[in-house]
Amino acid sequence: MSRPLVKICGMTRMQDVELCAALGADLLGFIFHPKSPRNVDPDFVASVKTGITKVGVFVDQPHEEVLEIMEHCGLHAAQLHGNQDMHFCWRIGPDRSIRVFWPETYASAAALLRDLEGFEEACGHFLLDAGRIGQGGTGRTIDFGILQDIEIQTPWFLAGGLGPHNIREAMALNPSGLDINSGVEKAPGIKDEAKLREVFDILAEYE
């Protein structure tokens, strides 16, 4: 088992950006949703020049607004948390779309897989999160049991309350990537250096 991609989401401070870059994060996530306590100003995101892949998190903004923010901020991908359909993903670009799904809202693993398969050509990555549509950063861990017996063909990120306490359990699902946010925070948008270092120390065991 190899180390998955690591995305640290909910970035709001340059010192946290620099720390995550130094620790070896592969992607950094920035939330563009006014109702989120981690909502950021596009100008701040545009100022981030680490060379690390930058991902914008969007809920229900029109695709024109998403594309405008992506261009202004130099984003490499859009993480789509709302009701965006396949046509929306095509407008953003399949190689730049990370579509979010909520496994706990499906009646069965088969039903989840049907939806995933419908988006395979429109999205380069999926993200599976705890809770329901529009949520994120709640700190609640996804029910890992839902994902134990399914095979997802498209590269996918696992999210939902990940931190030092459950990273090894998450790794057992063999995700392509880990999306880490509230599990390494002192407060919303304020990362905890000790927890971040612990996460990367654990993941080093898989390199």
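The values are calculated or read from the model by the stated rules, or taken from the named source; none is laboratory data. These figures come from a predicted structure and were not determined experimentally. Please note: Cβ atoms are built from the backbone with ideal geometry, for glycine as well, and neighbour counts cover all protein chains shown.
Numbers for the structure displayed
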{"quantity": "Test: Thr154 is touching a Ser or Thr at 6+ places or on another chain (Cβ under 9 Å) and among the β-branched types (Val, Ile, Thr)", "calculated": "yes"}
{"quantity": "Output for the stretch 170-202, where each listed residue is part of a helix (DSSP H, G or I), among the acidic types (Asp, Glu) and either modelled with pLDDT under 95 or within 19 Å of Trp102 (Cα to Cα) (or both)", "calculated": "none"}
{"quantity": "Where a residue in the stretch 112-129 is within 22 Å of Leu27 (Cα to Cα) and in contact (Cβ under 8 Å) with a residue 24 or more places away in the chain and its partner, wherever it lies, is polar (S, T, N, Q) and assigned to a loop (DSSP other than H, G, I, E, B), with Cβ under 6 Å and at least six apart", "calculated": "Glu120/Thr154; Phe126/Thr154"}
{"quantity": "From Ile31, Ile69, residue being buried (at least 23 other Cβ atoms within 10 Å of the Cβ) and hydrophobic (A, V, I, L, M, F, W, C)", "calculated": "Ile31"}
{"quantity": "Members of the stretch 139-169 that are assigned to a helix (DSSP H, G or I) and out of contact with any helix residue (DSSP H, G or I) (no Cβ under 9 Å at 6 or more places or on another chain)", "calculated": "Gly145"}
{"quantity": "Residue within the stretch 39-54 that is in contact with a Pro (Cβ under 9 Å, 6 or more places away or on another chain) and at pLDDT 95 or above present", "calculated": "no"}
{"quantity": "Criterion (crowded, with 22+ Cβ neighbours inside 10 Å and either touching a helix residue (DSSP H, G or I) at 6+ places or on another chain (Cβ under 6 Å) or over 16 Å from Lys191 (Cα atoms) (or both)) met by exactly one of Val57, Val17", "calculated": "Val57"}
{"quantity": "Scan of the stretch 14-38 for residues that are more than 21 Å from Gly161 (Cβ to Cβ) and at pLDDT 95 or above, ordered by number", "calculated": "Met14, Gln15, Val17, Glu18, Ala21, Ala22, Gly24, Phe32"}
{"quantity": "Residues of the stretch 55-99 that turn out to be charged (D, E, K, R), under 14 Å from the mean Cα position of the chain (by Cα) and either at pLDDT below 95 or part of a strand (DSSP E or B) (or both), as a count", "calculated": "1"}
{"quantity": "Single condition Glu121 does not satisfy, out of (1) of a type outside the set (A, V, I, L, M, F, W, C); (2) assigned to a loop (DSSP other than H, G, I, E, B); (3) closer than 18 Å to Val6 by Cβ; (4) at pLDDT 95 or above", "calculated": "(3)"}
{"quantity": "Residue satisfying all of: in the stretch 170-192; under 21 Å from Leu23 (Cβ atoms) and without any contact (Cβ under 8 Å) to a residue 40 or more places away in the chain; nearest to the chain's Cα centre (by Cα) among these", "calculated": "Ala170"}
